[in-house]
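Undergrad: Next up is a structure, given as structure tokens.
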Amino acid sequence: MASLASYTTLYVTAIGLDGAPGLEHIVAVRWDPGSLDPEESSLADFVRWLDQGAGRAFVRRSDGTRGPRVRVNSDGMRRYLHSHADDQSNQDELLLLPTWQLHRSKKHSRRM
């Protein structure tokens, strides 16, 4: 398993969602440094890596080309990833990537 800190440039190849579509629902990213098998990181770890300023991330388009740069944004309450909109769909290119659903585990309590 590779460490984000080992890289200066990464390509985001897929996004993990918490059950709903939209940038604010990305909770994990699958990334590729360009030479190894894809890795996965939580949103928090990926944002922390970008915040440190030593690395850059780009969207990897379905045709394999480099897409727009991935950046961190905030709505005042939470931080999320974004890139630029695709010219044809006018949708953020992160949302054009393959997705997988991450389901948060529900905590169960026993009634007495």
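Undergrad: Modelled with pLDDT of 90 or more, touching a strand residue (DSSP E or B) at 6+ places or on another chain (Cβ under 8 Å), farther than 20 Å from D75 by Cβ and open to solvent by less than 20 Å² (accessible area, probe 1.4 Å) - does that describe any residue in segment 13-25? Outline the logic, then answer.
TA: The initial filter retains those residues of segment 13-25 that are modelled with pLDDT of 90 or more, namely 13-18, 22-25.
Now drop any that are not touching a strand residue (DSSP E or B) at 6+ places or on another chain (Cβ under 8 Å), which leaves 13-18, 23-25.
In the following step, the residues that additionally are farther than 20 Å from D75 by Cβ were identified as 13-14.
From the residues that got through so far, the ones that are open to solvent by less than 20 Å² (accessible area, probe 1.4 Å) too are 14.
Yes, there is a match, as at least one residue in segment 13-25 is modelled with pLDDT of 90 or more, touching a strand residue (DSSP E or B) at 6+ places or on another chain (Cβ under 8 Å), farther than 20 Å from D75 by Cβ and open to solvent by less than 20 Å² (accessible area, probe 1.4 Å).
Undergrad: Residues that are more than 11 Å from L94 (Cα to Cα) and among the hydrophobic types (A, V, I, L, M, F, W, C), at least 1 per element: which strands (runs of 3 or more DSSP E) completely within segment 14-74 meet that? If you could, list the steps in order and put the result at the bottom.
TA: On the way: elements: 26-32, 39-42, 56-60, 66-74.
Of the strands (runs of 3 or more DSSP E) lying wholly inside segment 14-74, those with at least 1 residues that are more than 11 Å from L94 (Cα to Cα) and among the hydrophobic types (A, V, I, L, M, F, W, C) span 26-32, 56-60, 66-74.
Undergrad: Continuing with the same structure: Quick one: what pairs do we get from segment 74-85, first residue closer than 15 Å to L50 by Cβ and of a type in the set (S, T, N, Q), second at pLDDT below 90 and open to solvent by 50 Å² or more (accessible area, probe 1.4 Å), C-beta under 8 Å, 6+ apart or different chains?
TA: Qualifying pairs under 8 Å: none.
Undergrad: May I pose another question? Of the conditions (1) more than 12 Å from I15 (Cα to Cα); (2) open to solvent by 60 Å² or more (accessible area, probe 1.4 Å), R30 clears all except one; give me its number.
TA: Checking R30 against (1) more than 12 Å from I15 (Cα to Cα); (2) open to solvent by 60 Å² or more (accessible area, probe 1.4 Å), the one that fails is (1).
The values are calculated or read from the model by the stated rules, or taken from the named source; none is laboratory data. Everything numeric in this text was worked out from a predicted model, so none of it was measured. A quick note on method: Cβ atoms are made from the backbone with ideal geometry, for glycine too, and the neighbour counts reach across all protein chains shown. Heavy atoms of the whole protein, side chains included, go into the accessibility calculation; ligands, DNA and RNA do not. Shrake-Rupley method; radii C 1.70, N 1.55, O 1.52, S 1.80 Å.
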